[in-house]
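What follows is a short report on a single structure.
The values are calculated or read from the model by the stated rules, or taken from the named source; none is laboratory data. Source: prediction; values computed, not measured. We place every Cβ from the backbone using ideal geometry, glycine too, and count neighbours over all the protein chains shown.
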2 protein chains.
Amino acid sequence: MTTDRPYHHGDLRRAVLDAALDVIAEHGPAGIGLRDLARRVGVSHAGPVHHFKDKAGLLTAIAAEGFTLLADRLEETKASGGDFVDLGTTYVRFAIEHRAHFEVMFRPDLYHADDPTVTAANTRAGDALRHGASGHPDPETALVAAWSFVHGFATLWNTGALDRPGVEPVELAGSVARSLFRTTRQAPT
Amino acid sequence: MTTDRPYHHGDLRRAVLDAALDVIAEHGPAGIGLRDLARRVGVSHAGPVHHFKDKAGLLTAIAAEGFTLLADRLEETKASGGDFVDLGTTYVRFAIEHRAHFEVMFRPDLYHADDPTVTAANTRAGDALRHGASGHPDPETALVAAWSFVHGFATLWNTGALDRPGVEPVELAGSVARSLFRTTRQAPT
DNA sequence: ACACGAACTAGACACTGACAAGATTGCCGC
DNA sequence: GCGGCAATCTTGTCAGTGTCTAGTTCGTGT
């Protein structure tokens, strides 16, 4: 069974990650299998192991990538003069657009949560949120309130519990958040 | 290998459920295994199958039990003159006290979400929440806001993201919710 | 040009969920 | 009281999974 496929894949790591993200988006994190991913990518059953060591290692890489992406986006909206509420909508938008990442990130039992890459990106994202709440009279309460709301909204939306026909989730989250926090949108300078 | 253990367990179904809940609370839903549960309960490897048919069937039973418990509690606090915010704190209390149930309930990819017992209890719990929001000027927005907040709070707390030293989670959720919804606690009649 | 290490393959092992078929037991009608 | 019946549980088996070890192929720096 000799195929003309080259011995070295080129970027197997990325390919496996993408395949895993596809499967997770469709069947949830429980649906992935190392051997199945290897098949999808067209590589021997132990190929992916060399890049991730473990199944948990693969999920760790996904979680790290997710937290990094989220932190990037949060810092970006803050840098472009974003509101407190804007941070929230970015959070929701990320959770919906990168559903697979999001679903893994908050299941620490699936991966090595103490991995330095993960914890670093995690605190970076947390700091961005924390800083966004610093303007409010009671920052700690504001942080808990806002984070809980956007996280819950994103989670419930992704499980289909909040499904409304013909409703754009990010806009819904934004309008509800604005009514919750009674802030008017401040135009960016 | 004949033990003096009786051939019939007595209440194997309940025993397996409890063992599963223990394991889930400790290692998450991904950590359970039918054979492992059978070992813990002291029964042959295929014993549990007869009661749940599937691994998904076992999770389905847990989800159904969870939604039923939650619906019971919500209806109960509403019946005893509970506030809108009281409903929220019950939700959070349930999520923390019955962490294992809660973690399964909102992972529809793990079980048969279309099971009639599950959907029935699910809508019952949803109705209790919905009815709690009916007093507000914009009930739909209030429902989304409250449900998202309590759900997010519970989820984040259970993953350890919100961990504060020496803080009682239910009280924290209650105080934050009260500040969010600007309602004063109405004494039950 | 050549050795060295990284990337990948191949084989094996213990374990899992699921299925089939048989053993044991409580229980209901007679 | 007793015979059979259905529910409960056991034993055996099969394909598939994660992980380990040892081997193969290839790119790259010197």
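Some notes on this structure:
- Some residue of segment A:162-170 being among the aliphatic types (A, V, I, L, M) and more than 11 Å from every other protein chain (Cβ to nearest Cβ): yes
- Considering only residues in segment B:120-157 that are among the polar types (S, T, N, Q) and assigned to a helix (DSSP H, G or I), the one that is nearest to the other protein chains (Cβ to nearest Cβ) turns out to be B:SER148.
- Test for B:VAL170: is it in contact (Cβ under 8 Å) with a residue 24 or more places away in the chain and either part of a helix (DSSP H, G or I) or assigned by TED's automatic domain parsing to the domain that holds B:HIS27 (or both): yes
Residue by residue, here is whether (1) under 18 Å from A:TRP157 (Cα atoms); (2) more than 16 Å from DNA strand D (Cβ to nearest atom) holds:
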| residue | (1), (2) |
| --- | --- |
| A:GLY10 | no, no |
| A:ALA20 | no, no |
| A:ALA30 | no, no |
| A:ARG39 | no, no |
| A:LEU74 | no, yes |
| A:ARG93 | yes, yes |
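- In summary, A:ARG40 fulfils each of the numbered conditions (1) at pLDDT below 95; (2) surrounded by fewer than 18 Cβ atoms within 10 Å (Cβ to Cβ) with the single exception of condition (1).
- Verdict on A:ALA56 being within 12 Å of DNA strand D (Cβ to nearest atom) and over 12 Å from the mean Cα position of the chain (by Cα): yes
- Meets criteria (over 30 Å from A:HIS27 (Cβ atoms) and either small (Gly, Ala, Ser) or modelled with pLDDT under 95 (or both)) for A:ALA121: no
- Checking A:ARG164 against (1) free of Cβ contacts under 8 Å to residues at least 40 places away in the same chain; (2) closer than 22 Å to A:LEU59 by Cα; (3) of a type outside the set (Phe, Trp, Tyr), the condition it does not meet: (2)
- The condition of being within 16 Å of the chain's Cα centre (by Cα) and either more than 14 Å from chain B (Cβ to nearest Cβ) or near DNA strand C (Cβ under 8 Å from one of its atoms) (or both) holds for only one of A:LEU74, A:LEU37, that being A:LEU74.
- Checking each residue in segment B:88-119 for being charged (D, E, K, R) and assigned to a helix (DSSP H, G or I) picks out B:ARG93, B:GLU97, B:ARG99, B:GLU103, B:ASP109.
- Selection within segment A:47-67 - assigned to a helix (DSSP H, G or I), within 16 Å of DNA strand C (Cβ to nearest atom) and either over 10 Å from A:ASP115 (Cβ atoms) or within 14 Å of chain B (Cβ to nearest Cβ) (or both): A:VAL49, A:HIS50, A:HIS51, A:PHE52, A:LYS55, A:ALA56, A:LEU58
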